[in-house]
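The values are calculated or read from the model by the stated rules, or taken from the named source; none is laboratory data. The structure displayed is predicted, hence computed values, not measured ones. Quick reminder, even Gly has a Cβ in these numbers, built from the backbone with ideal geometry, and neighbours come from all protein chains shown. The accessibility values were calculated without ligands, DNA or RNA, using every heavy atom of the protein model including side chains. Shrake-Rupley method; radii C 1.70, N 1.55, O 1.52, S 1.80 Å.
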Amino acid sequence: MANYFKTSVILLLSFWLAVFVLVPNLLVLAASFLGRDESGFINWSFGFDNYLRLFDPIYLRVFGHSLGLALMTTLTCLGLGYPFAYFLAQFRTSLRPVLLTLVVVPFWTNSLVRTYAIRSLLAAKGLVNNALIAIGLIDEPVRLLYTRSAVLIGMVYILLPFMILPLYSAIEKLDRRFVEAAADLGAGRLRRFWHVTLPLTLPGVIAGSVLVFMPALGLFYIADVLGGSRNLLVGNFLKDQFLDARDWPFGAAASMVLIGLLFLFLSAYAYSLKRFAAKDDRQA
Amino acid sequence: MFVAAEMRQFQQIFTRPFGLAKGSLCKRVERECKDRHTGMDCRYPEHREVNLGHPPWRLGSGNPCRNDGQNLKLTTLTGGIDLRWFRLIAPLLILSLCCTIVHGKEQEIRLFGWSDYLVQEVLDRFTLETGIRVIYTTYESNESMYAKLKLLDGGGYDLAIPSTYFIDKMRKEGMLQPIDKDKLPHYKNLDPRQLDKPFDPGNHYSIPYLWGTTGIGVYTAKFELRTIQTWADLWKPMFLGRLLLPNDMREVFHVAFRVLGFSGNTTDPAQIRSAYALLKKLLPNVRLFNSDAADVLFVTGEADAGVIWNGAAHRIQREEPAFRYVYPAEGVIIWMDSLVIPKNAPHAELAHRLIDFLLRPDIAKLSSEKVGSATPNAEAVKLLSPELRNDTTVYPSDEVLAKGEYQTDIGASITIYTEYWEKLKAE
């Protein structure tokens, strides 16, 4: 009976993945080798032109921008998220679920709506500027909106929970006795953190970084709303190809490259997980 | 902007009542009470309503009937919103749902237009008078409107409002259906000077809705008016990081063409390339590209000068008297947005009714007043207050119009434009 259940669930899942993930991606792959058509969407000419066009320095720069921004986002999230998760794990056990729920509460509001909220915070006559003027730090509103920092703030705000949650679960599982043993052996705070806490929570750091980095590469509306449609990112570029320029094959080629990049990162992640598992085995 | 339309959709989703979940949870609570107490009643029946059995994150004691103050209240789940009202209006909701199912097919019209372009008051009045519900979806650029309609093969929407050159293009590609003027008794109100234009001779496919100009808007509290009288002035170093440009490829290129002395509709690749080179020099001055809510950006102090549609300029002037709209000496951009019915519109009949409604003088007057653009409706112009009729921002003088230029379809050259436009944005 259980076996039937298992088989049917697996079948259903495979069917789901095949129809909604595999086939669409194969279609994108196929489109990326075809040509653009002015009045339709594609014409049936086969070639690698779309991929070659991507090597234009302008588009390489778009990819470079996006990678840089995603990296900055990940590092900022890590810098903010690690202490956050660490202190979260120090609270009473009965309080922790409530605090975790509070981390998740913002998800009840759509991220686009929250991005608009950030826009009104950062606006020239927004809360941040008004507060700074009221304190007397500045006389004229500072241009916060439509800058790269605005995009970075938005990205970090939206993606921070994805960093906190895996970090929290890694830090919570951390066996205190190791830290205590290190303290007994005379290690200072910094050494305890660097040689004991950090290595033991590294899987959480990596998982969080992957969870932040990958969406950061693809998000386009934050750059649109907070960046003022300047400094194109890969996500915006893809959206423009499909919606505005209607160059589907070119857009498809660019998204294949993006998928390839993500695949690379994921395999690096899987490899690192395997290494951790091997290490654990050896220690056991 | 695409985002504005999406926002509206999300708002609809998020204001949808959460109440349905409540009924099911309450039932569950009741059943569990009986199981546990072998049919006996709970000790605190009044708490049954608000207690949850097992919230997903397992807060509370787990016994739904015992009120020990730890059980999660349902209102916590819904963010503090009390859902008792739902029981009261549930029958009404179900009734209205049934009505929509029964009459849905004839009671709804899907409109695809620029944001802030159809006045909600006008649409509400239409619904009130005819009982037809209007679903208004917005787009930020002609290109994205075209791409969506193309994808839907001229279906999905009943009415769209493309600009001149896109009407030309869509008409030639057979994406539009002819408009039956016998169904439009108010068609006669239109000013003949605004009809029979080259992008749609005889107006077989398009009915003018509003027309206007694209010029320079400047906040005179920040910049002196005399320093900015031509398109070329936008390149002055004093505007470093201050300008707002429309997120519209044709408009931005048009500006550069006029500075270089070319036609705004050029198809010469060399001219397009030199316009791109010129625009690249303008980029340091550009703060953002936006076509969604230019007026809001000026009023909230995000932009101090820029290329702007006269309708938005008129709306800003109502709030900021120090704001001025300038007709650049090189010649202004003139545009006209017309109502068209896509080829496979599901409710073409209703679309005709809405077009005729919009052509009614009192309604056209209202649209022009609220949007701040000029109406092509001669009868409506007569009804306008002299203030608005003589406002040169909205109704420019004949000399200005004589120097201005419409945008027309540029055919396959659009790919050259697109390529340079992308390079410009990626810069």
Chain A - accessible surface per residue (Å², probe 1.4 Å): 56 Å²
Within 10 Å of each Cβ in A:243-252, how many Cβ atoms from other chains are there, averaged over the peptide? 5
Difference of contour (0.36 nm per residue) and Cα-Cα distance, A:L273 to A:A181: 30.5 nm
Between A:L95 and A:L190, what FRET efficiency comes out of the Förster formula 1/(1 + (r/R0)^6) with R0 = 22 Å and r the beta carbon distance, rounded to 0.05? 0.20
Under the helix-only model (-39500 (n - 2.57) for each DSSP H run of 4 or more, divided by the residues of chain A), the mean residue ellipticity at 222 nm, to 500 deg cm²/dmol, is -23000 deg cm²/dmol
Apply 1/(1 + (r/R0)^6) to the Cβ-Cβ distance of B:E399 and B:D362, taking R0 = 25 Å, and write down the FRET efficiency to the nearest 0.05. 0.20
Using the Kyte-Doolittle scale, find the helices of chain A whose mean hydropathy is at least 0.0 and whose Cα atoms extend 15 Å or more along the helix's long axis, counting only whole DSSP H runs. A:2-17, A:57-90, A:111-122, A:148-173, A:198-218, A:248-283
What shape does chain A take by its C-alpha gyration tensor, where a ≥ b ≥ c are the square roots of the eigenvalues and a/c under 1.5 counts as rounded, a/b above b/c as prolate, and the rest as oblate? oblate
Under-5 Å amide H pairs with A:R230, H placed in peptide plane, nonlocal only: B:F289
Compute, for B:L288, the solvent-accessible surface of its heavy atoms (probe 1.4 Å) with the complete set of protein chains present, and express it in square angstrom to the nearest 10. 0 Å²
Computed FRET efficiency, Cβ-Cβ of B:L195 and A:L12, R0 56 Å: what is it to the nearest 0.05? 0.40
Heavy atoms of the protein only, probe of 1.4 Å, neighbouring chains included. What is the accessible area of A:L11 in Å², nearest 10? 120 Å²
Please state the relative contact order of the stretch A:65-231 as a whole percent: Cα pairs under 8 Å, 6+ residues apart? 38 percent
Everything considered on the Cα gyration tensor (a ≥ b ≥ c; rounded for a/c under 1.5, else prolate if a/b is larger than b/c, else oblate), the stretch B:130-278 must be described as prolate
Relative to the Cα centre, what is the charge dipole magnitude of the stretch A:65-231, using +1 at the beta carbon of each Lys and Arg, -1 at the beta carbon of each Asp and Glu, and rounding to the nearest 20 debye? 100 debye
Enter the Cα centre distance for the pair the stretch B:266-290 and the stretch A:1-77, rounded to the nearest angstrom. 32 Å
With the crude spin-label approximation of a point 7 Å out along Cα→Cβ, what separation in nm comes out for A:A30 versus A:L174? 5.1 nm
For B:D356, B:D268, the accessible-area ranking with a 1.4 Å probe, largest leading, is B:D268, B:D356
Rough spin-label spacing in nm, given labels placed 7 Å along Cα→Cβ, for B:R318 and A:L52: 5.5 nm
Put B:H347, B:H352 in order of accessible area, largest first, 1.4 Å probe: what do you get? B:H347, B:H352
If you average the sequence gap of Cα pairs under 8 Å that are 6 or more apart and divide by the length of the stretch B:278-335, what percent do you get for the contact order? 25 percent
What does the charge dipole of chain A about its Cα centre add up to, to the nearest 20 debye, if the Cβ of each Lys and Arg holds +1 and the Cβ of each Asp and Glu holds -1? 860 debye
Chains B and A: buried accessible surface, both sides, probe 1.4 Å, rounded to 100 Å²? 3800 Å²
How many angstrom separate the Cα center of the stretch B:184-211 from the Cα center of the stretch A:224-284? 49 Å
Just counting partner chain Cβ atoms within 10 Å, what average do the residues of peptide A:228-235 show around their Cβ? 5
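May I ask which of A:K239/B:K197; B:K222/B:K403; B:K183/B:K382 have a Cα-Cα span longer than 30 Å here?
A:K239/B:K197
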Evaluate the distance, in nm, between pseudo-label points positioned 7 Å from the Cα of B:K280 and of A:E140 along their respective Cα→Cβ axes. 3.0 nm
Protection-proxy order for peptides B:387-400, A:196-209, B:195-208, B:136-149, each taking the mean of Cβ atoms within 10 Å per residue, highest first: B:136-149, A:196-209, B:195-208, B:387-400
